[in-house]
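Novice: I have a structure here, written as structure tokens, and I will follow up with some questions on it.
Bear in mind that the values in this text are calculations on the coordinates, not laboratory data. Worth saying up front: this structure is predicted, and the values here are computed from it rather than measured. Cβ placement follows ideal geometry from the backbone for every residue including glycine, while neighbour counts extend to all protein chains displayed.
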Amino acid sequence: MYHIFLFQKDFCTDFHMCCDCEPLLRCKLMLKYNQTFLYLDASREINGLFAKFADVLSEKAATDTSMNQELEGILNEARNLEAHLLQKKKRLKQTLAQISDKLNSHEG
């Protein structure tokens, strides 16, 4: 906030030279001037925080997207493996049924 003091000092000397108004009005004007600079500083600070927040959200979204893609890949692999195992199970049942039929036909 040091720069506000410098602005305030410059404003006071300039204002004393160019304004012959009463001290109360001069104080009110100086207060308004200082409040404006405080508001501008606060606005800059808030805008900076919003920018940082947006950056963090963007990074998080990128990370989430990357993780979702990785998880989708793992899920697809699991589904393919499940389909493959179900086919093997079906073939195994068919093979066992054929063996059973052959054994039953030889016994009879």
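Novice: How large is the convex hull of the Cα atoms of region 48-108 per residue, expressed in Å³ as a whole number?
Specialist: That works out to 41 Å³ per residue.
Novice: I've got another one for you. In nanometres, what is the gap between the two model label sites at residue 57 and residue 102, each 7 Å from Cα along Cα-to-Cβ?
Specialist: It works out to 6.8 nm between the two label points.
Novice: If each of residue 65 and residue 93 carries a label point 7 Å out from its Cα toward its Cβ, how far apart are those two points in nm?
Specialist: With each label placed 7 Å out from Cα toward Cβ, I get 4.4 nm.
Novice: As a footprinting exposure proxy, order 84, 106 by other Cβ within 10 Å, with the fewest listed first.
Specialist: 106, 84
Novice: What are the lysines whose alpha-carbon lies under 28 Å from the alpha-carbon of residue 102, with same-chain residues fewer than 8 places away excluded?
Specialist: 88, 89, 90, 93
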